[in-house]
Amino acid sequence: MKGMKFLTKRSIEAVIFLIIFFGFFGYLGSKMGLPNMMNTIMQTAYSLLLETVFYIMAITVVSGALGNLLVEFGVVRLIEIVLRPLMKPLYNLPGVAALGGVMTFLSDNPAIISLSKDAHFARYFKKYQLVSLTNFGTAFGMGLVVIMFMMGKGFLPAALVGLVGACVGSIVSTRLMQHFILKSNPELNADISSEEGDEEKISFKSEGSVFLRFLNAILDGGKSGVEIGLAIIPGVLIISTLVMMLTFGPATDGSYTGAAYEGVALLPFLADKIDFVFKWLFGFENSQLVAFPITALGAVGAALGLIPRFIQEGIVNGNAIAVFTAMGMCWSGYLSTHTAMLDSLGFRSLTSKAILAHTIGGLIAGIVAHWLYVLLSMIF
């Protein structure tokens, strides 16, 4: 009987999947023509691989090497000490949490989990604070990669404005998550450990000559950068391809040729219905730009894959880059990582609360970046 119930549930799931799958690609095929749709999918993915993925991978290798050098020679530790006094008033977190923010900024979201599972690190937190590290760390994931990417496209000042927006969004997300946790699980307002300790004990000590430490740091960091670069390939090729097909329209003459970057322009059509919202909140002058934050929900690397096309289309300006940086950093694929991160901490039941808090935080990040950019543009 249980087997029949399971079979029925799986059958319903399969039917729903087939309806959605054929409905989605049937819609694209009916607009573009099946051969053109298939050719566009392959051509867009191939173009993204050559023109975007390898560029992002080069950035992740360089940033990985740089990040490891900063760790190896104590710069990260120095930054943590400087930021420590800000952690309690801004985030309601102990000073050592700054280390988590720096590490995720230099690498990616999962770096916060390796730290939070370290007993020596975790003992400075209350339980609800430790869980909120999921939101805190995610808000800075791949931050260095995002900023270096924008810098490579000539938008460093706008990217720095976006960094400020991401910081504001991280505060909102972390504080909201803590509020949600204490409201639903007040028992988590308890110390993880009663041990007394000196935060200075958390350090990065290395052995060997300066030259060997330098060499090992850049090679190990570069290797980790390659791993991140490889990890973003599926997201860029699959998610970005589909989003682009929903964002861009046919060829200039209105026909479909099967070339890369053609599509049905569904997202701009829907965004045009409420374009005043995006224009006021984020300053978007073109409805196609909403594709970036939508893609960043799943993977910020995939979202970066949209930028070269936006530049080619001539629809990107400094304001858009500031908003992209803020929302890309703050969200940084949280829909695809929050569940796994909270599950590893043993609090999967709080996933919906974490996602809600981070959604709000990312929106605030984009709004702050837009209006700060407008303010600075008026001053300078």
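The values are calculated or read from the model by the stated rules, or taken from the named source; none is laboratory data. Remember, it's a predicted structure, so these values are computed and weren't measured experimentally. All Cβ positions, glycine included, derive from the backbone under ideal geometry; neighbour counts span all protein chains shown.
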Out of the residues in region 352-367 that are under 17 Å from residue 179 (Cα atoms), surrounded by 24 or more Cβ atoms within 10 Å (Cβ to Cβ) and among the hydrophobic types (A, V, I, L, M, F, W, C), which is modelled with the highest pLDDT?
357
Could you pull out the residue among 154, 169, 165 that is under 23 Å from residue 348 (Cα atoms) and either exposed (fewer than 15 other Cβ atoms within 10 Å of the Cβ) or modelled with pLDDT of 95 or more (or both)?
169
For region 262-274, which positions are surrounded by fewer than 22 Cβ atoms within 10 Å (Cβ to Cβ) and either basic (Lys, Arg) or touching a Pro at 6+ places or on another chain (Cβ under 9 Å) (or both)?
264, 265, 273
For region 226-291, which helices (runs of 4 or more DSSP H) that fit wholly inside it have 1 or more residues that are within 13 Å of residue 41 (Cα to Cα)?
241-247
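How many residues, within region 20-34, are touching a residue at least 24 places away in the same chain (Cβ under 8 Å) and touching a helix residue (DSSP H, G or I) at 6+ places or on another chain (Cβ under 9 Å)? First the steps, then the outcome.
Residues of region 20-34 touching a residue at least 24 places away in the same chain (Cβ under 8 Å): 27-28, 31-33.
Next, only the ones that are touching a helix residue (DSSP H, G or I) at 6+ places or on another chain (Cβ under 9 Å) stay: 27-28, 31-32.
So the answer is 4.
State yes or no: is residue 308 in contact with an Asp or Glu (Cβ under 8 Å, 6 or more places away or on another chain) and under 19 Å from residue 142 (Cβ atoms)? Give the steps one after another, and end with the answer.
Working: in contact with an Asp or Glu (Cβ under 8 Å, 6 or more places away or on another chain): yes; under 19 Å from residue 142 (Cβ atoms): yes.
For residue 308, the condition - in contact with an Asp or Glu (Cβ under 8 Å, 6 or more places away or on another chain) and under 19 Å from residue 142 (Cβ atoms) - is met.
This table checks each residue for (1) in contact (Cβ under 8 Å) with a residue 60 or more places away in the chain; (2) over 22 Å from the mean Cα position of the chain (by Cα); (3) assigned to a helix (DSSP H, G or I).
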{"position": "59", "(1), (2), (3)": "yes, no, yes"}
{"position": "64", "(1), (2), (3)": "yes, no, yes"}
{"position": "69", "(1), (2), (3)": "yes, yes, yes"}
{"position": "81", "(1), (2), (3)": "no, yes, yes"}
{"position": "109", "(1), (2), (3)": "yes, no, no"}
{"position": "121", "(1), (2), (3)": "yes, yes, yes"}
{"position": "124", "(1), (2), (3)": "yes, yes, no"}
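Specify the residue that is farthest from residue 111 (Cα to Cα); the eligible residues are those in region 126-182 that are part of a loop (DSSP other than H, G, I, E, B) and touching a Ser or Thr at 6+ places or on another chain (Cβ under 7 Å).
Restricting to residues being part of a loop (DSSP other than H, G, I, E, B) and touching a Ser or Thr at 6+ places or on another chain (Cβ under 7 Å), the top hit is 139.
Just checking, does region 325-348 include any residue being farther than 22 Å from residue 111 by Cβ and surrounded by fewer than 24 Cβ atoms within 10 Å (Cβ to Cβ)?
Keep residues of region 325-348 that are farther than 22 Å from residue 111 by Cβ, which gives none.
Checking region 325-348: not a single residue is farther than 22 Å from residue 111 by Cβ and surrounded by fewer than 24 Cβ atoms within 10 Å (Cβ to Cβ).
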Within region 122-132, how many residues are more than 16 Å from residue 174 (Cβ to Cβ) and either crowded, with 22+ Cβ neighbours inside 10 Å or small (Gly, Ala, Ser) (or both)?
1
Subset of region 333-370 [free of Cβ contacts under 8 Å to residues at least 40 places away in the same chain and not in a helix (DSSP H, G or I)]:
346
Give just the number: which of (1) at pLDDT 90 or above; (2) closer than 26 Å to residue 184 by Cα does residue 149 not satisfy?
(2)
Among the residues listed as 102, 96, 145, 161, the single one being within 26 Å of residue 53 (Cα to Cα) and over 16 Å from the mean Cα position of the chain (by Cα)
161
